[in-house]
Every structure is written in C-alpha cells, then in structure tokens.
Amino acid sequence: MVDSYDDKADRLQVSDDTAHQISVDPWYQVGFVLTTGVNSAYVLGYSGSIMVPLGWIGGTCGLILAAAISMYANALLARLHEVGGKRHIRYRDLAGHIYGRKMYSLTWALQYVNLFMINTGFIILAGQALKATYVLFRDDGILKLPYCIALSGFACAFFAFGIPYLSALRIWLGFSTFFGLIYIAIAFVLSLRDGITTPAKDYTIPASHSARIFTTIGAVANLVFAYNTGMLPEIQATIRPPVVKNMEKALWFQFTVGSLPLYAVTFMGYWAYGSSTSSYLLNSVKGPIWIKAVANLSAFLQTVVALHIFASPMYEFLDTKYGSGHGGPFAIHNVMFRVAVRGGYLTVSTLVAAMLPFLGDFMSLTGALSTFPLTFVLANHMYLMVKRHKLLAFQKFWHWLNVVGFSLLSIAAAVAALRLIMVDSSTYHLFADL
C-alpha cells in the first residue's frame, strides 16, 4: 500500500544549492529551449518513423493527440514545481520530496539512462548528417560513419566547454532556431517539388498484420518522444518567477507555434514519398547538391546545441557535486574542470555511439522504460499524491486512468522494442558503417 504523502517519515529534504544559474530566464527563452528540443534534427525522421507505420489518419490524429496529452502532462508537472513551499529544481528532488529516498534514486536512474541515450542518439544523428554531406561530394567510402561520429563528439565537447550552464545558451538558441529552420525549410521545399513531379504515391502501410501491431506500438512511442524532454523541472528551474505561470506560457509556445515546423516537414515528407519515405528525410529529397549540403550541415550544427540542452542535468550534477564552487564560470580552474569532466562524459557517449550506431532500436526500449514513466505515469501520480484532497472523484479517476493506461503502454512499447532488437540483431556489428 502506498504511504500517504502527509505521513511519510523518510521525506527527503532536498537542496536548491546548484552551481548553475536559476530563476534568471524570461519565459520566451525557456520556450525556445523547449522548441529546440522539439524541432531537433530528429524531426527529419518522423515521416518515416511515425507516418509510414500509422498512415494519414493514424499519424495525423496521433501527432495532435500526443501533443494534447503531452501538454497536459507537462502542465501537471510544472504546477508541482513549488510543492511544500520551495522550488524543486530537479526531477529527482521533486520525486524524493513526494515519495522518499528510494524514489529519488529510481527517478535519477531513469532520467540518467533516458538522457544518456538521447545524447548518444544526438551524436549518432550528427555523425549521420556529416557523412551525408560527405557522400554528396565523394562517395568513395573513405570517411566512414564511426569517424563522423568521433568528429561530432569532439564538436559537442568543444561547445560544452564554453557554455557553463543552460541559461548561458541565450544567443545560441537563436542560432539553433536558424539552423533548424534551414534544414526544415529545405526538406519541405524539396519534398514539395518531388511530390508535385511524381504524383503517383503509395500510402499503403507496410508489414504483415502481426508485424503491424508492433510497428504501430513503436510509432506511438515515437509520438511521445517527439514532444517530451524528460527534464522539465530542470528547464523550469531557469525561469523567472512566477515560475508556474511563466512555465505554462513557455509550454503553450512549444505546443503551438513551436510545433508548426515539426508538423510541416513531417506531413510534407510523407505526402511526397508515401510509404517509401526514408528514416532520414534528406536522403529522400532530390535537388542541388549544395542545397542538400547546407541542410545536412545545418542539421549537424543544430544537433550540437540540442545535445547541450539534454546533457545539462548531468553537467549540473557534476558541477555542483565536484566543482570548485568559487570563481566565475570562465575562471581557468572551472574551464579546465569542464574540459576534464564533460570531456570524459562525452567521450563515453561518443564511444558508445560509434560502437553502436544502430542504437535507435535500444533507444526505443529505454524510451519505453523511462520516457513513459517519467513523462506520464509519474506526473499524474505525483499530482494525485499532492492534490488528492482537492480533487473530485472523477478527477482522481482520470489521473488513475492515465497512470494505469500509460503503464500498460510502457510495457507494450518495451515488448515491441525487444522484438525489434531481435529482428534486427543479425545486422548488428560494432563500429558499423551504416
């Protein structure tokens, strides 16, 4: 039986001490942080990973429904930011305050695995963009994917050394938005041109009936991944008071204007190429080499900024726990600390990315086991625990329905991911040049 929120004896006393800046960013800067994650280069794969397995009706309805549900779950989480009269600037702090020490550790483990896999995926994605650029000019097989991944990891590390904390991104969020709009606009226009010149398209959902069940579940998991960060409290920590009201503004920005580029490129890609859409849309489009090169390089550069966002909770943990705690962020000893610690973290991430460039299959599994619980199960259950005395019966029923429903969906997504891993296992080998 779950202990009551009021009576839990081992309530974890969390600290808001941090080496990073908090409470300094306007809501629109936080909105751009969220939008950078939503419109990362991952959007170039949604035509193939969401629309192809679900079709026009399922994919369109799924994207809209997933946006609404994700907005709701994130808003719930945002409203819990000041539970107990203090700000909870980390997801694990909030869970520890509500549930106790064990849930603090479990939440941190889930979040760490989730963000590590996302960051490793970003490095793979950046490497693929670099290789795609090279192949446009010289398809001689000399520059292999593992080399491109190593270059991408170095670029991400170099960027991490100079950006001490999430709030310091500022102007870089503008560059990220600019780069994102470039590759989205190019993919959109070239897809539109291809779609007009090749009117005969096949929108049949591929795979047999039994396989379609698993691909559908996998596509649903991708819908969840498209909108959610798994680190909302850490992002909310940077926003100026009033933190709940301003965070809700940022969320509305993310799920309205901020999501329009995602919809545009996803729908246009599927309209142009149907069920033959590539898992990386820029591999499907036809057009001048230099334009495709600009799109791929823009995807690479945007990915470097996006990775920094998702790596920031780990950077904050390392800087707060092991950093010197004195001197400015650009004091020589603090810069050298970032070079050593962040460089080590990204070296490990880059090595895993180069060894396992087919990590997408495993990301589906970790997403099922961490993204679903963090974003939907925990958000609804924590809201129940904190607000239960103020909720009507039907409101409690609604939240329990979300808890149970997303728990079951998490299990189903994990099974689908395991099947995908087994099906693709024959193609796996270390340092593959995909």
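The values are calculated or read from the model by the stated rules, or taken from the named source; none is laboratory data. Just so it is clear, the structure is predicted and the values come from calculations on it, not from any experiment. Because the Cβ atoms are built from the backbone with ideal geometry, glycine has one as well, and the counts that use them run over all protein chains shown. These area figures cover heavy atoms from the full protein model, side chains too; ligands, DNA and RNA do not enter into them. Shrake-Rupley method; radii C 1.70, N 1.55, O 1.52, S 1.80 Å.
Just one of the numbered conditions (1) within 25 Å of W172 (Cα to Cα); (2) surrounded by fewer than 18 Cβ atoms within 10 Å (Cβ to Cβ) is not true of M314: (2).
Every residue, every condition in (1) touching a strand residue (DSSP E or B) at 6+ places or on another chain (Cβ under 6 Å); (2) farther than 23 Å from A187 by Cβ, yes or no:
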site: Q236; (1), (2): no, yes
site: I239; (1), (2): yes, yes
site: P261; (1), (2): no, no
site: V265; (1), (2): no, no
site: S276; (1), (2): no, no
site: L281; (1), (2): no, no
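For the residues H333, H399, H389, the requirement of being open to solvent by less than 70 Å² (accessible area, probe 1.4 Å), part of a helix (DSSP H, G or I) and farther than 30 Å from L145 by Cα singles out H399. The set of residues in the range 138-177 being part of a loop (DSSP other than H, G, I, E, B) and of a type in the set (G, A, S) consists of G141 alone.
Here S167 meets each of (1) of a type outside the set (K, R); (2) more than 21 Å from N228 (Cα to Cα); (3) out of contact with any helix residue (DSSP H, G or I) (no Cβ under 7 Å at 6 or more places or on another chain) with one exception, condition (2). The C-beta contact set for the range 228-244 (first residue farther than 12 Å from L115 by Cβ and at pLDDT 90 or above, second residue among the hydroxyl-bearing types (S, T, Y) and in a helix (DSSP H, G or I), distance under 7 angstrom, 6+ apart or interchain) comprises P233/Y91; T238/S167.
Scanning the range 259-274 for residues that are of a type in the set (S, T, Y) and either over 28 Å from F137 (Cα atoms) or surrounded by fewer than 17 Cβ atoms within 10 Å (Cβ to Cβ) (or both) yields S259, Y263. The criterion of being under 17 Å from the mean Cα position of the chain (by Cα) and either over 19 Å from I69 (Cβ atoms) or of a type outside the set (A, V, I, L, M) (or both) does not hold for G344.
Restricting the search to the range 105-129, which residues are crowded, with 21+ Cβ neighbours inside 10 Å and farther than 17 Å from M355 by Cα? Listed by number, the residues that qualify are T107, L110, Q111, N114, L115, A129. Scanning the range 199-217 for residues that are without any contact (Cβ under 8 Å) to a residue 40 or more places away in the chain, open to solvent by 70 Å² or more (accessible area, probe 1.4 Å) and not in a helix (DSSP H, G or I) yields P199, A200.
Checking the structure you have, find out if any residue of the range 93-101 is of a type in the set (D, E, K, R), open to solvent by less than 10 Å² (accessible area, probe 1.4 Å) and more than 26 Å from L420 (Cα to Cα). Show your work before the answer.
Just the residues of the range 93-101 that are of a type in the set (D, E, K, R), to begin with: 93, 101.
Subset that is open to solvent by less than 10 Å² (accessible area, probe 1.4 Å): 93.
Still in the running and more than 26 Å from L420 (Cα to Cα): 93.
Checking the range 93-101: at least one residue is of a type in the set (D, E, K, R), open to solvent by less than 10 Å² (accessible area, probe 1.4 Å) and more than 26 Å from L420 (Cα to Cα).
Can A75 be described as at negative phi, surrounded by fewer than 20 Cβ atoms within 10 Å (Cβ to Cβ), in contact with a Leu (Cβ under 7 Å, 6 or more places away or on another chain) and in a helix (DSSP H, G or I)? In short, yes.
Just so you know, in the range 416-434 the residues that are free of Cβ contacts under 8 Å to residues at least 24 places away in the same chain and open to solvent by less than 90 Å² (accessible area, probe 1.4 Å) include one that is nearest to P357 (Cα to Cα), and it is S425. For the condition modelled with pLDDT of 90 or more and more than 30 Å from L80 (Cα to Cα), Y183 qualifies.
Examine the range 355-367 for a residue that is open to solvent by 30 Å² or more (accessible area, probe 1.4 Å), modelled with pLDDT of 90 or more and farther than 20 Å from Q21 by Cβ, and state whether such a residue exists. Checking the range 355-367: not a single residue is open to solvent by 30 Å² or more (accessible area, probe 1.4 Å), modelled with pLDDT of 90 or more and farther than 20 Å from Q21 by Cβ.
Picking from V43, V24, V52, V38, which residue would you name as being surrounded by fewer than 19 Cβ atoms within 10 Å (Cβ to Cβ), of a type in the set (A, V, I, L, M) and in contact with a helix residue (DSSP H, G or I) (Cβ under 8 Å, 6 or more places away or on another chain)? I'd like the intermediate steps shown before the answer.
Values: V43 fails: surrounded by fewer than 19 Cβ atoms within 10 Å (Cβ to Cβ); V52 fails: surrounded by fewer than 19 Cβ atoms within 10 Å (Cβ to Cβ); V38 fails: surrounded by fewer than 19 Cβ atoms within 10 Å (Cβ to Cβ).
Going through V43, V24, V52, V38 in turn, just one is surrounded by fewer than 19 Cβ atoms within 10 Å (Cβ to Cβ), of a type in the set (A, V, I, L, M) and in contact with a helix residue (DSSP H, G or I) (Cβ under 8 Å, 6 or more places away or on another chain): V24.
Within the range 281-322, can you find the residues that are over 27 Å from the mean Cα position of the chain (by Cα), in contact (Cβ under 8 Å) with a residue 24 or more places away in the chain and assigned to a loop (DSSP other than H, G, I, E, B)? Of everything in the range 281-322, those that are over 27 Å from the mean Cα position of the chain (by Cα), in contact (Cβ under 8 Å) with a residue 24 or more places away in the chain and assigned to a loop (DSSP other than H, G, I, E, B) turn out to be K286, G287.
Pairing residues of the range 159-170 that are in contact (Cβ under 8 Å) with a residue 24 or more places away in the chain and within 18 Å of G325 (Cα to Cα) with residues that are charged (D, E, K, R) and part of a helix (DSSP H, G or I), at Cβ distances under 6 Å and at least 6 apart in sequence or on separate chains, gives F161/R338.
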